[in-house]
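**Student:** There's a structure below that I have some questions on.
The values are calculated or read from the model by the stated rules, or taken from the named source; none is laboratory data. Note that the structure is a prediction, hence the values are computed from the model and not measured. So basically every Cβ, Gly included, is an ideal-geometry build from the backbone, and we count neighbours across all protein chains shown. The accessibility values were calculated without ligands, DNA or RNA, using every heavy atom of the protein model including side chains. Shrake-Rupley method; radii C 1.70, N 1.55, O 1.52, S 1.80 Å.
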Amino acid sequence: MTERERPGGLAGLLSRITTGSDATALRTSLTTVGSSLAAVLIALTISALLLAVTGKNPFDAYATIIETGASGNKLLEMLRRATPLIFSATAVAIGFKMLIFNIGVEGQYLFAALIAAEAGSRVSLPMVLHIPFILLVAMIAGAFWASIAGVLKVRKNVHEVISTIMLNYIALSVIQWMFDNFFRDDEIEGLNIKTTLLPESARMPDIVDGRLNGMFIVALATVAGFWVLVYRSRFGFRLRASGFNATAAETAGISARTMTIIAMVLSGAVAGMIAMSSVLGEAYAYGPNATPIGFGFAGITVALLGRNHPVGIVVAALLFGFLDSTSAELQLADVPNSIVKVMQSIIVLTVVIVNEATIRRLNERTAEQARAQLAGAAA
Amino acid sequence: MSDVLSAIAVELRDISKRFPGVIANHDVDLTVRRGTVHAIVGENGAGKSTLMKTLYGMHQPDTGSISINGNQLEMRSPSDAIDAGVGMVHQHFMLADNLTVLENIILGSEPAHRGVIDLRSARSRLNELMVSVGTELDLDTEVSELGVGERQRVEILKVLFRGAQILILDEPTAVLVPDEVDELFETLKRLVADGATVIFISHKLDEVLQVSDDITVMRQGTTVAQTTPAQIDRSGLAELMVGSELPSPAGRTSTISDAVRLDVRDLSVPGPEGRPAVESASFTVRAGEIVGVAGVEGNGQFELCTAIVGLRSSSGSVIVDGNDLTHANTRERHRAGLAYIPFDRQREGLMLNAPLWENTLLGREHEESLSKGPFIDGAAARSSAVTIIERFGVLTPNETVPAFALSGGNQQKLVVGRNLVTEPSVLIAAHPTRGIDVGAQAAVWDEIRQARDSGMAVLLVSADLEELIGLSDSLLVMFDGRITARLDPDSITPSELGTHMTGTHREVAS
């Protein structure tokens, strides 16, 4: 017995001595933030070099970015452009939390946009019900499309990267076929073909007239919901446990199959809302030329940059929204606006590299400190 | 050529090799005569593979010397070993499926003529080689079309093609059917007749006695005896493998009650190739009883345990405290009072990058005391972690460090603690003290005994005979997927247990 009590007492003593057991967690998050900032600075330097090499003055370009970005309208533009990015990064992050790579967000949100726009135009409801109805349809449609990949993975062991990429192509064809044959509003002439316009009751109110609509609030609420779900709920714990170590999770009674299906469904549901700021607040319909494309892939980048953490996702989406919002001004200043895309990509690459290195060093330090603390206490 | 070479092909002296926290080999001496088949036998975990990796240059020993053909060498990598004429046929074949036999064999040592692969000379050399070892293979067949036995011959040819005169075969018969085993032995005998030397690793005693000229026995990381088939029989070899220095079981008062807590009936688990991994296992564990499962690893213990906790499909029934859990999933079985200390703590038990308190929560996240509705009660989960850390003596600065920062023994105490703190009615404990230091081992034993005394039923799987005999109230022996004996740990002798574990007993009896 005495043999057992000694380490027990020691560990007890240690946990009493160590004031604030959150110290480790705090240090981890501070280091992450610090390294991300450093990475952004490194990326800006590399971009400046690129600009210099192409014969542009990087200082002028950055000055243009800061000047235009500082205006109130540009800040609203940043929020507007960040809105779909927040949704799509969140959708991707839900999968990432259990190491599922949902590359199919693109197809999921476009499919959802078509179905939701069409469904919304066919019902008449008061506004308090109409908008939630359309959002719900969008989420269900997105979840449905995503669940195909989930079922394929669980039943047939098809890797989700393969199936979601393939499903993107299928989605595009299915959408085009459905739009051309069933949902296209024939009364709309010209190039800007769309589904039937949504009635007034289905139009998302603006927060700032003509500049930012209510979907921004919905996006923030969604990311908050993501945080609660993943970091506070029992389901989220099981999701993260499956991501940490699928075998250990399974051994502890967490079914990987169930978690895979639920994660894909949730991911698809959030993806369904990506185009809603356009459908409900700008175009009031789905249209091949009216509904923005490419957000599914951009979301992967933003989730990566934000390290799949809710706060990180919002910050990364705002950064990308900001850079996007300045691209027009840059063009006026004779800087090719593709430099913005290049900068975004460089930022992501640097952040990934810098973070990977930092985390490895942090892990080593944590292990070392744990040993040192124990050795110190034993002496 | 062999006249000028030493009569001793391989000589290892005082080899020791440590891995963090484990001594895999210590004080190993091995002498292999030229032109012989030399078997190295021992249980899984006795250090055979570690030793062979040392000889093949896959890692460097901490101390000791290696001599090949009388020359002391340093093996810094497998290519040093190959240069010295040592080749290894791994247990798991390393062949490229979509290349032909010929391409696989020359891969990495392609004979070239002015930068172009000289297939013709490779082909003719290989044909000669095949004649000399008495085997026939179509060199242009894709490896994906070959059976296991043929693949093994490709591996052997590959090693010979590189000029190896000393062949290491790691458990070569594990994957073969009896006919293929005979063929392999035929090949080995031809090789030896031509002057090659074969080191043959196995734990199958029949084969060892059949094919080898010399036998070296390893136990717990060291070589314990060298003998020949003429000098020893199966049961003698079994006793050497298992060891005869068993402790007398610690005196204890029986706490066994009549209440059956775990009732396993006619449990069968399908295995690969139609042979069951577990066949009709039936036993009961009563309240306050520890039932030990002895057996050489790989005889169905893993499948038995994972089937009982619902991680693997099986036939038959599992009843805990009168509740039939046969159709329940793993989580339902946990909730019904079945706890499981898994075989491999890092692979099956821990989330290494997650903080300790999340690790102690794993599998318990449904407990009411640790949650609020659908949410995790973080404060309660942390204080529960602190309780486990204190009670089980886990050495850690606090409950928020990630699990990878802990030593193996402390990780194990955390896993044991997580399973015992819920006061389960039945505990399946697989190697609860594997790879941990003596102090931690005693602590884990104490905890299991205490839980037993308070009425828990324990099924203990272990490779450590001291642990099995010291803790168990009764012993089951598993061999080849079946429970082949039920023994009383108070009266069993080590050699009896050894013969049971290696399957020798049945034939002696019949």
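**Student:** For region B:354-377, which residues satisfy the criterion of being more than 7 Å from chain A (Cβ to nearest Cβ), open to solvent by 20 Å² or more (accessible area, probe 1.4 Å) and more than 36 Å from the chain's Cα centre (by Cα)?
**Tutor:** Within region B:354-377, B:GLU368, B:SER369, B:LYS372, B:GLY373, B:ASP377 meet the criteria.
**Student:** Select from region B:84-129 the residues that are part of a helix (DSSP H, G or I), closer than 28 Å to B:MET58 by Cβ and aliphatic (A, V, I, L, M) and list them in ascending order. Let's see the steps before the verdict.
**Tutor:** We begin by selecting, within region B:84-129, every residue part of a helix (DSSP H, G or I); these are B:101-106, B:119-129.
Now restrict to residues that are closer than 28 Å to B:MET58 by Cβ: B:101-106, B:122, B:125-126, B:129.
Those that are part of a helix (DSSP H, G or I), closer than 28 Å to B:MET58 by Cβ and aliphatic (A, V, I, L, M): B:VAL101, B:LEU102, B:ILE105, B:ILE106, B:ALA122, B:LEU126, B:LEU129.
**Student:** Only residues that are in a helix (DSSP H, G or I) and of a type in the set (A, V, I, L, M, F, W, C): list them for region A:283-309, please.
**Tutor:** So in region A:283-309, the residues in a helix (DSSP H, G or I) come out as A:295-305.
Selection gives A:PHE295, A:PHE297, A:ALA298, A:ILE300, A:VAL302, A:ALA303, A:LEU304, A:LEU305.
**Student:** Something else now. Mind checking which residues of region B:470-494 are open to solvent by 20 Å² or more (accessible area, probe 1.4 Å) and either within 14 Å of chain A (Cβ to nearest Cβ) or part of a helix (DSSP H, G or I) (or both)? Spell out the reasoning first.
**Tutor:** Applying the first criterion (open to solvent by 20 Å² or more (accessible area, probe 1.4 Å)) to region B:470-494 yields B:473-474, B:479-480, B:482-484, B:486-488, B:490-494.
Scanning region B:470-494 gives a single hit, B:PRO494.
**Student:** Among the numbered criteria (1) assigned to a loop (DSSP other than H, G, I, E, B); (2) touching a residue at least 12 places away in the same chain (Cβ under 8 Å), which one does B:GLU180 miss?
**Tutor:** (1)
**Student:** Here's something else I'd like to know. For region B:296-310, which positions are of a type in the set (Asp, Glu) and surrounded by fewer than 23 Cβ atoms within 10 Å (Cβ to Cβ)?
**Tutor:** So the first thing to find is which residues in region B:296-310 are of a type in the set (Asp, Glu), and the list is B:297, B:303.
The answer is B:GLU297, and nothing else.
**Student:** In region A:100-124, what residues are closer than 21 Å to A:ARG184 by Cβ and among the β-branched types (Val, Ile, Thr)?
**Tutor:** Matches in region A:100-124: A:ILE115, A:VAL123.
**Student:** Sort out for me the strands (runs of 3 or more DSSP E) sitting completely within region B:262-344 that have 1 or more residues that are under 23 Å from B:ILE469 (Cα atoms). If you could, list the steps in order and put the result at the bottom.
**Tutor:** Working: elements: B:276-286, B:290-294, B:315-320, B:338-341.
Answer list for region B:262-344: B:276-286, B:290-294, B:338-341.
**Student:** Since B:VAL394 meets every condition but one in (1) open to solvent by 30 Å² or more (accessible area, probe 1.4 Å); (2) at the interface with another protein chain (Cβ under 7 Å from one of its Cβ atoms); (3) hydrophobic (A, V, I, L, M, F, W, C), which condition does it not meet?
**Tutor:** Every condition holds for B:VAL394 apart from (1).
**Student:** Just give me the residues in region B:378-391 being under 24 Å from A:TRP227 (Cβ atoms) and either more than 10 Å from every other protein chain (Cβ to nearest Cβ) or under 33 Å from the mean Cα position of the chain (by Cα) (or both), in sequence order.
**Tutor:** Keep residues of region B:378-391 that are under 24 Å from A:TRP227 (Cβ atoms), which gives B:378-385.
Of everything in region B:378-391, those that are under 24 Å from A:TRP227 (Cβ atoms) and either more than 10 Å from every other protein chain (Cβ to nearest Cβ) or under 33 Å from the mean Cα position of the chain (by Cα) (or both) turn out to be B:ALA379, B:ALA380, B:SER383, B:SER384, B:ALA385.
**Student:** For the list (1) open to solvent by 20 Å² or more (accessible area, probe 1.4 Å); (2) over 19 Å from A:ARG203 (Cα atoms); (3) among the polar types (S, T, N, Q), I need the number of the one condition that A:THR90 fails.
**Tutor:** Evaluating A:THR90 over (1) open to solvent by 20 Å² or more (accessible area, probe 1.4 Å); (2) over 19 Å from A:ARG203 (Cα atoms); (3) among the polar types (S, T, N, Q) leaves (1) as the failure.
**Student:** Being surrounded by fewer than 16 Cβ atoms within 10 Å (Cβ to Cβ) and within 16 Å of B:ALA164 (Cα to Cα) is the filter; apply it to region B:91-110 and report the residue that is modelled with the highest pLDDT.
**Tutor:** B:LEU107
**Student:** Condition check: in contact with a His (Cβ under 9 Å, 6 or more places away or on another chain) and either open to solvent by less than 10 Å² (accessible area, probe 1.4 Å) or at pLDDT 90 or above (or both). Does B:ALA46 satisfy that? First the steps, then the outcome.
**Tutor:** Working: in contact with a His (Cβ under 9 Å, 6 or more places away or on another chain): yes; either open to solvent by less than 10 Å² (accessible area, probe 1.4 Å) or at pLDDT 90 or above (or both): yes.
Yes; evaluated as a whole, the condition is true for this residue.
**Student:** Next question, about the same structure. Just to be sure, is A:ALA316 away from chain B (no Cβ under 14 Å) and under 13 Å from the mean Cα position of the chain (by Cα)?
**Tutor:** Working: away from chain B (no Cβ under 14 Å): yes; under 13 Å from the mean Cα position of the chain (by Cα): yes.
Yes: the conditions hold for A:ALA316.
**Student:** Would you confirm whether or not region A:67-74 contains a residue that is among the hydroxyl-bearing types (Ser, Thr, Tyr), surrounded by 14 or more Cβ atoms within 10 Å (Cβ to Cβ) and within 26 Å of A:MET273 (Cβ to Cβ)? Steps first, please.
**Tutor:** First, pick out the residues of region A:67-74 that are among the hydroxyl-bearing types (Ser, Thr, Tyr): A:68, A:71.
With the extra rule that they be surrounded by 14 or more Cβ atoms within 10 Å (Cβ to Cβ), the set shrinks to A:68.
Imposing the further condition that a residue be within 26 Å of A:MET273 (Cβ to Cβ) reduces the set to none.
Looking through region A:67-74, none of the residues is among the hydroxyl-bearing types (Ser, Thr, Tyr), surrounded by 14 or more Cβ atoms within 10 Å (Cβ to Cβ) and within 26 Å of A:MET273 (Cβ to Cβ).
**Student:** With respect to B:GLU467, determine if the residue is of a type in the set (Asp, Glu) and either at pLDDT 85 or above or not in a helix (DSSP H, G or I) (or both). I'd like the intermediate steps shown before the answer.
**Tutor:** Details: of a type in the set (Asp, Glu): yes; either at pLDDT 85 or above or not in a helix (DSSP H, G or I) (or both): no.
Here the answer is no, as B:GLU467 does not meet what is asked.
**Student:** Also, quick follow-up: Go through region B:311-332 and count every residue that is surrounded by 23 or more Cβ atoms within 10 Å (Cβ to Cβ) and out of contact with any strand residue (DSSP E or B) (no Cβ under 7 Å at 6 or more places or on another chain).
**Tutor:** Residues flagged as surrounded by 23 or more Cβ atoms within 10 Å (Cβ to Cβ) and out of contact with any strand residue (DSSP E or B) (no Cβ under 7 Å at 6 or more places or on another chain) within region B:311-332 amount to 0.
**Student:** Another question about this same structure. Does region A:110-120 include one or more residues that are touching a residue at least 60 places away in the same chain (Cβ under 8 Å), open to solvent by 30 Å² or more (accessible area, probe 1.4 Å) and more than 22 Å from the chain's Cα centre (by Cα)?
**Tutor:** Kept after step one, since they are touching a residue at least 60 places away in the same chain (Cβ under 8 Å), are these residues of region A:110-120: A:110-114, A:116-118, A:120.
Within this subset, residues satisfying the condition of being open to solvent by 30 Å² or more (accessible area, probe 1.4 Å) are none.
There is no residue in region A:110-120 that is touching a residue at least 60 places away in the same chain (Cβ under 8 Å), open to solvent by 30 Å² or more (accessible area, probe 1.4 Å) and more than 22 Å from the chain's Cα centre (by Cα).
**Student:** In region A:223-282, which helices (runs of 4 or more DSSP H) lie fully inside it and hold 3 or more residues that are surrounded by fewer than 21 Cβ atoms within 10 Å (Cβ to Cβ) and in contact (Cβ under 8 Å) with a residue 60 or more places away in the chain?
**Tutor:** Details: elements: A:234-244, A:246-251, A:256-271, A:276-281.
Those helices (runs of 4 or more DSSP H) span A:256-271.
**Student:** Here's a follow-up. In the list B:ALA451, B:ALA463, which residue meets the criterion of being away from every other protein chain (no Cβ under 11 Å), open to solvent by 10 Å² or more (accessible area, probe 1.4 Å) and touching a helix residue (DSSP H, G or I) at 6+ places or on another chain (Cβ under 8 Å)? It would help to see each step written out before you state the result.
**Tutor:** Values: B:ALA463 fails: touching a helix residue (DSSP H, G or I) at 6+ places or on another chain (Cβ under 8 Å).
On inspection, the qualifying residue turns out to be B:ALA451.
**Student:** Which numbered condition trips up A:THR54, out of (1) open to solvent by 20 Å² or more (accessible area, probe 1.4 Å); (2) more than 15 Å from A:PHE322 (Cβ to Cβ); (3) at pLDDT below 80; (4) away from every other protein chain (no Cβ under 14 Å)?
**Tutor:** A:THR54 satisfies all of (1) open to solvent by 20 Å² or more (accessible area, probe 1.4 Å); (2) more than 15 Å from A:PHE322 (Cβ to Cβ); (3) at pLDDT below 80; (4) away from every other protein chain (no Cβ under 14 Å) except (3).
**Student:** So is A:VAL158 over 24 Å from A:VAL230 (Cα atoms), outside any helix (DSSP H, G or I) and open to solvent by less than 60 Å² (accessible area, probe 1.4 Å) or not? Reasoning before the result, please.
**Tutor:** Working: over 24 Å from A:VAL230 (Cα atoms): yes; outside any helix (DSSP H, G or I): yes; open to solvent by less than 60 Å² (accessible area, probe 1.4 Å): yes.
In short, yes.
**Student:** Can you tell me which residue among B:LEU325, B:LEU304, B:LEU338 is under 20 Å from B:ASP473 (Cα atoms), of a type outside the set (Ser, Thr, Tyr) and within 14 Å of chain A (Cβ to nearest Cβ)?
**Tutor:** Details: B:LEU325 fails: under 20 Å from B:ASP473 (Cα atoms); B:LEU304 fails: within 14 Å of chain A (Cβ to nearest Cβ).
Within the list B:LEU325, B:LEU304, B:LEU338, the selection yields B:LEU338.
**Student:** Additional query: Looking at region A:167-208, which of its residues are of a type in the set (Phe, Trp, Tyr) and surrounded by fewer than 15 Cβ atoms within 10 Å (Cβ to Cβ)?
**Tutor:** Taking region A:167-208 first, the residues of a type in the set (Phe, Trp, Tyr) are A:169, A:177, A:179, A:182-183.
Result: A:TYR169, A:TRP177, A:PHE182.
**Student:** Consider A:ARG211 carefully, then state whether it is touching a residue at least 40 places away in the same chain (Cβ under 8 Å), of a type in the set (Lys, Arg), open to solvent by 50 Å² or more (accessible area, probe 1.4 Å) and closer than 30 Å to A:PRO310 by Cβ. Lay out the reasoning, then the answer.
**Tutor:** Details: touching a residue at least 40 places away in the same chain (Cβ under 8 Å): yes; of a type in the set (Lys, Arg): yes; open to solvent by 50 Å² or more (accessible area, probe 1.4 Å): yes; closer than 30 Å to A:PRO310 by Cβ: yes.
For A:ARG211, the condition - touching a residue at least 40 places away in the same chain (Cβ under 8 Å), of a type in the set (Lys, Arg), open to solvent by 50 Å² or more (accessible area, probe 1.4 Å) and closer than 30 Å to A:PRO310 by Cβ - is met.
**Student:** Hey, another quick one. Test B:VAL101 against the stated conditions and say whether it is in contact with a Ser or Thr (Cβ under 6 Å, 6 or more places away or on another chain), touching a residue at least 40 places away in the same chain (Cβ under 8 Å) and farther than 28 Å from B:VAL242 by Cβ. Before the answer, list the steps.
**Tutor:** On the way: in contact with a Ser or Thr (Cβ under 6 Å, 6 or more places away or on another chain): yes; touching a residue at least 40 places away in the same chain (Cβ under 8 Å): yes; farther than 28 Å from B:VAL242 by Cβ: yes.
Yes; evaluated as a whole, the condition is true for this residue.
**Student:** Output the residues belonging to region A:216-245 that are of a type in the set (A, V, I, L, M), away from every other protein chain (no Cβ under 14 Å) and within 15 Å of the chain's Cα centre (by Cα).
**Tutor:** To start, the set of residues in region A:216-245 that are of a type in the set (A, V, I, L, M) comprises A:217-221, A:223-224, A:228-230, A:239, A:241.
Still in the running and away from every other protein chain (no Cβ under 14 Å): A:217-221, A:223-224.
Selection gives A:VAL218, A:ALA219, A:LEU220, A:ALA221, A:VAL223, A:ALA224.
**Student:** Looking at (1) open to solvent by 60 Å² or more (accessible area, probe 1.4 Å); (2) within 14 Å of another protein chain (Cβ to nearest Cβ); (3) part of a helix (DSSP H, G or I), can you tell me which one A:THR366 breaks?
**Tutor:** (1)
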